[in-house]
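S.K.: One structure is given below, represented as C-alpha cells, and several questions about it will come after.
The values are calculated or read from the model by the stated rules, or taken from the named source; none is laboratory data. If you're wondering where the values come from, they're calculated on a predicted model, not measured in any experiment. Cβ placement follows ideal geometry from the backbone for every residue including glycine, while neighbour counts extend to all protein chains displayed.
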Amino acid sequence: MSDNPPSPKGTGAAKDLLTAPIGADGPIHDKDSVRVIQSAPGEKQGVALPNSERPGYSAVYRNAASPDKLIQSSHPLVRTQYDAFEYSVKKYPDRDLLGARFLVDPQRGLWSPYIWQSYRTVAERRTNLGSGLCHLNDHVIKNPTTEQYAIALFSQNRPEWILTDLACHAYNLIVVPLYDNLGPNSSEFILNAVEAPILVASLNHIPKILSLTNDLPNLKVIISMDPLKSDSDLPDQSKEDILKAWAKDRSVMIYTMTEVEELGKQHLRPHNPPNPSDILTINYTSGTTSSPKGVVLTHANFVAAIAVAFCHLPRSSNDVVDVVLSYLPLAHIYERATIGIALAVGAAVAFYRGNILQILEDLLEVRPTAFTSVPRLLNRFESAIKDKTVNAVGWRSSIARHGLSVKLQSLADGHGPNKFIWDRLISKKVRANAGMDRVACIVSGSAPLAPDSHQFLRAAFAVPISQGYGLTETHGGCLVGQAADFTTGHCGPPTVTTEVCLKDVPELDYYVTDKPWPRGELLIRGTSVFREYYKDKARTREAIDADGWFHTGDVAAIDELGRVYIIDRAKNFFKLAQGEYVAPEKIENAYLAGCPLVQQLFIHGNSLEAYLVAIGGVQPLAFAPFVSKILDRHISPSDEAALQEACEDPRVIEVVLAEFEKVAKDMNLQGYEKVRNLKLMVEPFTIENDILTPTLKLKRPVAAAFFKDVIQEMYKQGDMTKKLRT
C-alpha cells in the first residue's frame, strides 16, 4: 500500500489493453483493436445508412467511423467484465487499485491520507469474499438454486462496494444495487422483486433493512461492510449484540465482511466465470411516475461500454497511470460504467469522503487524470472560477477577463480554447486550484450542460469537455461529443456500439420530414442496449419494439453532421384549456439555459387552465447579487433566510418574470409556452422531500401534489406578466 496517489509509472493502461489482452500469448496486432475516433472540423460524425428510411421513421444513423458494423468490444478476447478485470490483475498486480481516506480525529475533522489496496490484494479479497458468499448461500441459507441469484448492495461509494461487485463477477452472481438514499418502500420493492437472499450493506443502513424484514421473506443474511464492535461499546450493549438479537428475532443472520472473507478462505472455490450473455446487474431506475423498473444488463452490455470509452474519449499520455475519483452514486449506471472502465485499464480508483461539499479537497489530494461529472457540480466550478477571475476586482481580474474573452472567441470561431500564453497564465492555475492539473478530459452527463457554461469551462480548464447522453437502459453513454468539436448544445453522434433513428411524434408536431433537420422520438439499438425489464414483460414490450429498437421517450433532432440534439420529452406532455399540447421539459430546459438566476424549475399546467405557472429554485451565487440591487441591501449567497425572504418579494418576482420574458423571446417560445406566474424558493426540489429521484430527475406527479396549494394560489393571482406587456 502507498499513502499517496499512484505515481506515474509504466505504460498507459488503455494502450496496453488494446495490444496485449487477456489470454494473449504475444502482442495483438493493431488491426484487432479499436482506436480513438476524431473527425476533422466539418466532417460528418454520424452517417445515415442508405435506404434505411421507413414511413414515419428517419434513416438509421451510425458513427461515421464504423458505418458497416456495430463494435461489440475493445478487443475480441475481452468478452465480460470478469475478463477485463482479470487482465488488469495479471498485467498490473502491484498497481494501486482502491483508495480511501479515514477520519482519524473526529473532533478536529482530521483525515488520513489515501490508503491504497493493490490489484493483487483486491483480487485475492475478491476470491475470498466470493467464496464466502457462495458458501453462505449453499450451506447456511441452503438455497437450492443452480442458476444465477442476486446479491443486493446498499451503501455509499466505498472500496467494499467495488470488492463485492468484483466478487459477484468471479462467481457469476447478479449485483443489485440500492441507492444510498432510497426510501423504505423502494428498498422493499426491489429486494422482493429480485428475491435476494443476501444483502451487503454499510452499517448505517442495516437498521433500515431490519425494520423491513417481516416483509422480506427471501432475505436471510445481511453482511456489514463495517465492524460491529467498537471500543466505546458498553458490556452486553454493543451494536453487535443489539443488531444480532434484532436479526435473530426476524430470522436473519448478520455477518461482517471480514467474517465472510475468512469463511471464504476456509472454503475456497474456483471461479465460475460468466458468459457474455449472463446477467451482470439488475439496475433499478428511480421511477418518476410509478414503481422502479429493473433494467437487466449483461456482461456483453458492459464490454460495449468499455469500447465506447476507448473509441470516443481522449486518453492520458502513455507514461501516466490513470486515476479517477469516485463520487457520483455507484448505484447509477453512469458511475458504474466509469469505474468498470477504470478497472479495465489498470487505473486507480479513489473514493471521496462522502460529503460533496468537501470534494475539492479530495480532488486536490487525488489529482485525477479523467473526471466524469454532472452539470450541477460543473456549474459550481464555473461559479467559483468566475468569482476568482472575471467577477473579481483588480488588475489580475482584468487580465483574466481579457484572456478568457480571447479563448471564448477562439471557441466561437471553431479553433478551440488553447492559447499558449493564456493557458499558462490562467488555465494552468485554474486546473491546479481544482485538483485537475493531470486531467486529460472531462465528461458531462445525466442532464444538459448549458451552452454558455460549456464554453466557459472549456476556456477556463483548456481541456476537452464532452457532453454525452446515456440511460440505464444503454449501460451509460450511447452518444458522445467529440473532443475536438467545440460547438455546444448537442450530445455528439452515436457511439460505435449503437445506431439511432427518429420516429414521428405527431402529438407534439415533430416529424422526421422536418426541415432543416429531422425531428422525432429518439430510438436506439445496439450492443450496449439492455435485454429487458426484470419480471416486467408489459413494460419491456412498451420500451423495445419488434425490431429491437429501444424507445427512449426523448425527442431529438439530428443535424447535417450526424450529431444528436435532445430537444424535448415525448412522454411528458399535457394539454392546456385551449387544446395546445405542452412539453414541459423543453420549456424548463429553455428557461434554465437562458436564465442563470434559477437552477431548478417545474413547469405546471392542465386542461382547466389557459396558461403555465412555474416553481423555481434559485441559484444563490447568481441570485444574491441580482436581488441585492433590486432590494438595495446586501444579501449573501449563504444567507438562506435572506434569500428566501427575497424570493417572496413581489418586486423580485416581477423582475425575474421580466427576465423569463426575454428568455422566451430569445428561445422562440410560443405564447402558450411562456410562464405567466412564478413562485421562487431556495431549494424546492430535493431527494429528501421525494420530489427528486436519486438520479436528480423531477417526479412531476409528486411535485404537483406537494405544491398543490402553491399552484392554486398562483392561478388565483392570475397572469402576472400582463403588466409587463402593457
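S.K.: Pull out all pairs, ordered by first then second residue, where Cβ-Cβ is under 6 Å, the residues are six or more apart or on different chains, the first lies in the range 580-606 and is touching a residue at least 40 places away in the same chain (Cβ under 8 Å) and among the small types (Gly, Ala, Ser), and the second is crowded, with 21+ Cβ neighbours inside 10 Å and assigned to a strand (DSSP E or B).
M.R.: Pairs that qualify, where the first residue is touching a residue at least 40 places away in the same chain (Cβ under 8 Å) and among the small types (Gly, Ala, Ser) and the partner is crowded, with 21+ Cβ neighbours inside 10 Å and assigned to a strand (DSSP E or B), are Ala583/Asp568.
S.K.: Find the residue count for the range 626-648, including only residues that are in a helix (DSSP H, G or I) and exposed (fewer than 14 other Cβ atoms within 10 Å of the Cβ).
M.R.: Here the count works out to 3.
S.K.: Still on this model: Given the conditions (1) in contact with a strand residue (DSSP E or B) (Cβ under 7 Å, 6 or more places away or on another chain); (2) in contact (Cβ under 8 Å) with a residue 12 or more places away in the chain; (3) not aromatic (Phe, Trp, Tyr), which single one is not true for Thr540?
M.R.: Here Thr540 meets the rest and fails (2).
S.K.: Here's something else I'd like to know. Tell me, which helices (runs of 4 or more DSSP H) wholly within the range 236-329 include 3 or more residues that are over 30 Å from Gln467 (Cβ atoms)?
M.R.: In the range 236-329, the matching helices (runs of 4 or more DSSP H) lie at 239-249, 257-266.
S.K.: Among the candidates Tyr284, Tyr255, single out the residue that is at pLDDT below 95 and either crowded, with 16+ Cβ neighbours inside 10 Å or within 16 Å of Gly476 (Cα to Cα) (or both).
M.R.: Every option except Tyr284 fails the conditions.
S.K.: Note down all Cβ pairs under 7 Å where the first residue falls in the range 685-709 and is among the hydrophobic types (A, V, I, L, M, F, W, C) and modelled with pLDDT under 90, the second is in a loop (DSSP other than H, G, I, E, B) and surrounded by fewer than 17 Cβ atoms within 10 Å (Cβ to Cβ), and they're at least six residues apart or on different chains.
M.R.: Listed by first residue and then by second, the contacts come to Ile687/Asn181; Leu692/Thr686; Val702/Asp690.
S.K.: Suppose we keep only residues that are touching a residue at least 60 places away in the same chain (Cβ under 8 Å) and of a type in the set (Val, Ile, Thr) within the range 477-507. Which one would you say is farthest from His551 (Cα to Cα)?
M.R.: This residue is Thr487.
S.K.: Same structure, new question: Taking the range 132-176 as the search range and keeping residues that are within 32 Å of the chain's Cα centre (by Cα) and acidic (Asp, Glu), which one is farthest from Ser202 (Cα to Cα)?
M.R.: Here the answer is Glu147.
S.K.: Might you check whether a residue that is under 26 Å from Val323 (Cβ atoms) and modelled with pLDDT under 95 occurs anywhere in the range 58-73?
M.R.: yes
S.K.: Test each condition in (1) under 21 Å from the mean Cα position of the chain (by Cα); (2) in a strand (DSSP E or B) for Val200 and report the one that comes out false.
M.R.: Result: Val200 passes all but (1).
S.K.: Quick one: how many residues across the range 511-525 are farther than 20 Å from Leu561 by Cβ and surrounded by fewer than 23 Cβ atoms within 10 Å (Cβ to Cβ)? Give the steps one after another, and end with the answer.
M.R.: So the first thing to find is which residues in the range 511-525 are farther than 20 Å from Leu561 by Cβ, and the list is 511, 521, 525.
Now narrow it down to the ones that are surrounded by fewer than 23 Cβ atoms within 10 Å (Cβ to Cβ): 511, 525.
Residues flagged as farther than 20 Å from Leu561 by Cβ and surrounded by fewer than 23 Cβ atoms within 10 Å (Cβ to Cβ) within the range 511-525 amount to 2.
S.K.: Under 29 Å from the mean Cα position of the chain (by Cα), buried (at least 19 other Cβ atoms within 10 Å of the Cβ) and assigned to a helix (DSSP H, G or I): does that describe Phe685?
M.R.: Working: under 29 Å from the mean Cα position of the chain (by Cα): yes; buried (at least 19 other Cβ atoms within 10 Å of the Cβ): yes; assigned to a helix (DSSP H, G or I): no.
The answer is no for Phe685.
S.K.: Considering each of Val406, Val349 in turn, give the residue that is in contact (Cβ under 8 Å) with a residue 12 or more places away in the chain, of a type in the set (Val, Ile, Thr) and within 29 Å of Gly470 (Cβ to Cβ). Quick ask: steps written out before the conclusion?
M.R.: Numbers: Val406 fails: within 29 Å of Gly470 (Cβ to Cβ).
The match here is Val349.
S.K.: Is it fair to say Glu661 is more than 23 Å from Cys491 (Cα to Cα), surrounded by fewer than 19 Cβ atoms within 10 Å (Cβ to Cβ) and touching a Ser or Thr at 6+ places or on another chain (Cβ under 9 Å)?
M.R.: So Glu661 fits the description; yes.
S.K.: Here is a further query. Do you know which of the residues in the range 61-78 that are crowded, with 22+ Cβ neighbours inside 10 Å and either without any contact (Cβ under 8 Å) to a residue 12 or more places away in the chain or not hydroxyl-bearing (Ser, Thr, Tyr) (or both) is farthest from Cys501 (Cα to Cα)?
M.R.: Kept after step one, since they are crowded, with 22+ Cβ neighbours inside 10 Å, are these residues of the range 61-78: 61-63, 71, 73-75, 78.
Imposing the further condition that a residue be either without any contact (Cβ under 8 Å) to a residue 12 or more places away in the chain or not hydroxyl-bearing (Ser, Thr, Tyr) (or both) reduces the set to 62-63, 71, 75, 78.
Values: Arg62: 9, Asn63: 12, Ile71: 18, His75: 27, Val78: 29 Å.
Ranking the candidates gives Val78 first.
S.K.: Restricting attention to the range 598-620, which residues are aliphatic (A, V, I, L, M) and surrounded by 19 or more Cβ atoms within 10 Å (Cβ to Cβ)? Reasoning before the result, please.
M.R.: Taking the range 598-620 first, the residues aliphatic (A, V, I, L, M) are 598, 601, 603, 608, 610, 612-615, 618.
Selection gives Val598, Leu601, Ile603, Leu612, Val613, Ala614, Ile615, Val618.
The rows are residues; the columns are (1) of a type in the set (Lys, Arg); (2) surrounded by fewer than 24 Cβ atoms within 10 Å (Cβ to Cβ); (3) under 18 Å from the mean Cα position of the chain (by Cα).
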| site | (1), (2), (3) |
| --- | --- |
| Ile333 | no, no, yes |
| Ile339 | no, yes, yes |
| Ala348 | no, no, no |
| Ile359 | no, yes, yes |
| Phe371 | no, no, yes |
| Val374 | no, yes, yes |
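S.K.: Answer with yes or no whether Ala704 is of a type in the set (Gly, Ala, Ser), under 17 Å from Gly616 (Cβ atoms) and under 30 Å from the mean Cα position of the chain (by Cα).
M.R.: Taking the combined requirement at face value, the residue satisfies it.
S.K.: When the range 571-587 is examined, which residues are found to be aliphatic (A, V, I, L, M), assigned to a loop (DSSP other than H, G, I, E, B) and touching a helix residue (DSSP H, G or I) at 6+ places or on another chain (Cβ under 7 Å)?
M.R.: Leu576, Ala583
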